[in-house]
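The values are calculated or read from the model by the stated rules, or taken from the named source; none is laboratory data. Bear in mind that the values here come from a model prediction, so they are computed numbers and not experimental data. Please note: Cβ atoms are built from the backbone with ideal geometry, for glycine as well, and neighbour counts cover all protein chains shown. Surface accessibility is based on the protein's heavy atoms, side chains included, excluding ligands, DNA and RNA. Shrake-Rupley method; radii C 1.70, N 1.55, O 1.52, S 1.80 Å.
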Amino acid sequence: MPICTHAPRRPPSLPPRTDTHSLPQPSHHGSDRASRTASSTPPSATLSTGQDDDEKEWLGKKGAKAAGKILNSDRKKKSNTEEKQSDVLFWSKDVKQGDNDTVPDLVAPNSCHPLLTALNDAMNRKEYEVASHLLDSGALASAPISAPLLDWLFAAAMSTACRDLSLSAYRSLLLLHREVCSMAALARPYLSPTRLLTPLIKLGMNTQVAAAFGAEADAMVSPTGMSLELKAEMLCRFFSMLEVLSCSQSIDPTAIPSIVSIFLLLSLDPSAVPELQQDAVSAIEAILASPTVTRTVELNTCKFVLRVTKEMAFTPDLQLRLLALLPGCSASSGRVRRWIAWAMLGGDLHTFHTCSDVPPIQLMLDLFSKTAPGVVKLGVTPNTDYQHLGALINILSVAMTDVDAYVRHANGSGSVLTRNVYEALEQMNGKTVDDRAAHMDRTKTKEAINRLHKRLIYQRHAVLETLCTKTGKMDQFLIAKPKPASQTKVQGRVEPAKGRPDIC
């Protein structure tokens, strides 16, 4: 069957296509095509004409001139600015291939337990298959667990030299969860903080990320034979073991800030799949919800995360993505999330111990004041970067998640300050001109301002309504109030109202 080389005819009701995206009509004569190409207008002129027509169609003839100036200025800003940082490269692209990976040495145990003695002898003779069988026997559960043994199991599980021994060490570490939980708090072993960066360096950690954690740059050597499948398997083991150790309270509290920062940077890498990000979020929540996390550990976590973001020159967009990975489900993780967002806006962490669960609200008002001290300012000027402003507004929304604590603060003074914040947001929203087209930066910024503005209004109103009840419970606020006695009439005479009296 012959193939038709002619383009299909357009319906007569539609006008012919004149934009630059239309494909050229096929022709059987090369000379005609060359003459049409030579006599056609430049593509840039056609593109600008099409954009002008689209602006008139979208905005109307009256608003096309005013909005056109805004769009042209936005295009100039986009062309003059450099490319902004959008991702964090946790893994290095150029990793040096070193020698094969080695099995970590087992420190001689102080106990005379038969299994530990046999395991030590097998490791000294390099009989890794025998050591793997000893670990798989399950007799390790009856042996005394020490910190050197815990460190060796973690290092052996992350080793790629002997796959059987690595898998056996990984299973044994997960099965020790019950035995470690049953131990007393003072006798419970801790995982050494020095064991955390070694497996990540072998997997190909970026030199800039390693320098932010204090590792040497010349140690970035990955063992040979490291495939992507093996790398993903090692990362899953890394997350699982740290999550189990945090649940059994076997992680040194001094290592928690670095672990949380590692999980955050791992999730921001472009190669991180959603499943990996979900594992990181679950591990962060399990670590911060541990009973060993005190207010001092929370403060050190905030300082460590902020130091890493400062050394790696995070933009407000990356800071917002980092805050989105902090779950905030438990009270501890919620405090860490709010105070990190508050410090990103210029807050001082020295008031962490003296304040309550929420940062001081006075800084939120200083963000909108031109005379108040501070590096970060929220305002609309002719040179405003709306993408930058929208990210800062969303960071402010994270810092003000607990509106209930602000409204109840200092005998009602926090309610007044909260009202001042959303009034400042309302003024900023009025100054922001939405062009409703082109780059959508202004539209997204106005949406962020409106979301925070409405949330502060409704949550403040709900808290104030609960405070007017005698017991301060929301269920009493939702109960329908009875009518006054003067409005209840039965056959011409006034009867007292039945039911509960007014609770406010």
> Restricting attention to segment 407-427, and to residues there that are open to solvent by 10 Å² or more (accessible area, probe 1.4 Å) and aliphatic (A, V, I, L, M), which single residue is modelled with the highest pLDDT?
Replying inline: ALA424
> How many residues, within segment 284-326, are at pLDDT 90 or above and in contact with a Cys (Cβ under 7 Å, 6 or more places away or on another chain)?
Replying inline: 1
>> Any residue in segment 182-198 that is at pLDDT below 80 and open to solvent by 60 Å² or more (accessible area, probe 1.4 Å) sitting within a Cβ distance under 8 Å of a residue that is of a type in the set (Phe, Trp, Tyr) and part of a loop (DSSP other than H, G, I, E, B)? List the pairs, counting only those 6 or more apart or interchain.
In response: none
> If you go through segment 199-208 one residue at a time, do you hit one that is open to solvent by 10 Å² or more (accessible area, probe 1.4 Å), of a type in the set (Lys, Arg) and at pLDDT 90 or above?
Replying inline: no
>> For segment 273-310, give me each residue that is loosely packed, with under 13 Cβ neighbours inside 10 Å and farther than 17 Å from ARG237 by Cα.
In response: PRO291, THR294, ARG295, THR296, LYS310
> Does any residue in segment 103-117 that is touching a residue at least 60 places away in the same chain (Cβ under 8 Å) come within less than 6 Å, Cβ to Cβ, of a residue that is of a type in the set (A, V, I, L, M, F, W, C) and surrounded by fewer than 18 Cβ atoms within 10 Å (Cβ to Cβ) six or more places away or on a different chain, and which pairs are these?
Replying inline: VAL103/ALA161
> Does ALA161 meet the test of being under 14 Å from ILE262 (Cα atoms) and surrounded by fewer than 19 Cβ atoms within 10 Å (Cβ to Cβ)?
Replying inline: no
> If you take the residues in segment 267-310 that are part of a loop (DSSP other than H, G, I, E, B) and either over 16 Å from the mean Cα position of the chain (by Cα) or of a type in the set (Val, Ile, Thr) (or both), which one is farthest from ALA255 (Cα to Cα)?
Replying inline: VAL273
> Among the helices (runs of 4 or more DSSP H) confined wholly to segment 311-406, which include 2 or more residues that are open to solvent by 20 Å² or more (accessible area, probe 1.4 Å), closer than 26 Å to LEU265 by Cβ and not acidic (Asp, Glu)?
Replying inline: 316-325, 331-344, 386-399
